[in-house]
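As structure tokens, the structure follows; a few thoughts come after it.
What follows is calculated from the coordinates using simple rules that are stated; it is not laboratory data. Because the structure is a prediction, the values reported are computed rather than measured. Backbone-built Cβ (ideal geometry, glycine too); neighbour counts: all protein chains shown.
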Amino acid sequence: MKQKTFLSLAVAAVFGVAAAGAFAQQNNGDWWGHGRMSSGQMGSDHMQSWGWGHMGPGQQMRMQRHWTYMNEGVPTAYRGARSTVRATPQVIADGKALYTNNCASCHGARGLGDGEAGRSLVPSPALLQRFVQMPMAGDEYLLWAIFEGGERFGTDMPAFEGELNEEEVWKTIAYMRAGFP
Ligand code: HEC
């Protein structure tokens, strides 16, 4: 468990450095390299898995959180935050209930970003099923995103601090990481 956490942190660190380097080289909106893709590729599963299926202002707003993280990390309050739950069947079941009640309306029952309430939002709700498997989506990042929401970035992602306690957020995350069973 410990070792796994360390590993994912190490991966996140490497990923962060590489991405920051790439960003420095091509600081002109070419973020994940989709600038070189044809329009046929834009709608591909791969693009959507990064949540970049739709271009336009929404995309830039979505990018803000990632960009901020790459450059500044999470705010100090979240730095070093670690999940306190293990992904037992009970925790995953609790997480499923929490996710269903609080998140599915926008992010979709299986985290595909296709919830009814999210249809008209710009940017659209993140494709969490894929996002939570990315190196960037470590504990501190997810806690920050879920507790503070998107106000700072002008998005409709609600702030759940005060709505959910930390343990409930960890359970929700455990459920999402387990692949939305
Ligand atoms: C009212 C609709 C809505 C609800 C409800 C909602 N979200 Fe979101 N969420 C969004 C939108 C829109 C975005 C994309 C913009 C952004 O990143 O702020 C988003 C983004 C996110 C991100 C950031 C993804 C990234 O790329 O960094 C995470 C993590 C997330 N949501 C988790 C959750 C969880 C967990 C819940 C339930 C506890 C939840 N959301 C509930 C609308 C919603």
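Some values worked out for this structure:
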| quantity | calculated |
| --- | --- |
| Vicinal HN-Hα couplings computed from phi for the stretch 92-109 (Karplus, 6.51 cos²θ - 1.76 cosθ + 1.60; Hz; Gly/Pro x) | 5, 5, 4, x, 5, 5, 5, 5, 4, 6, 10, 10, 4, 4, 9, 7, x, 4 |
| Proxy reagent accessibility, fewest Cβ within 10 Å first, across TRP144, TRP170 | TRP144, TRP170 |
| Convex hull of the stretch 51-155 built on C-alpha atoms - directionally averaged projected area, nm² | 6.9 nm² |
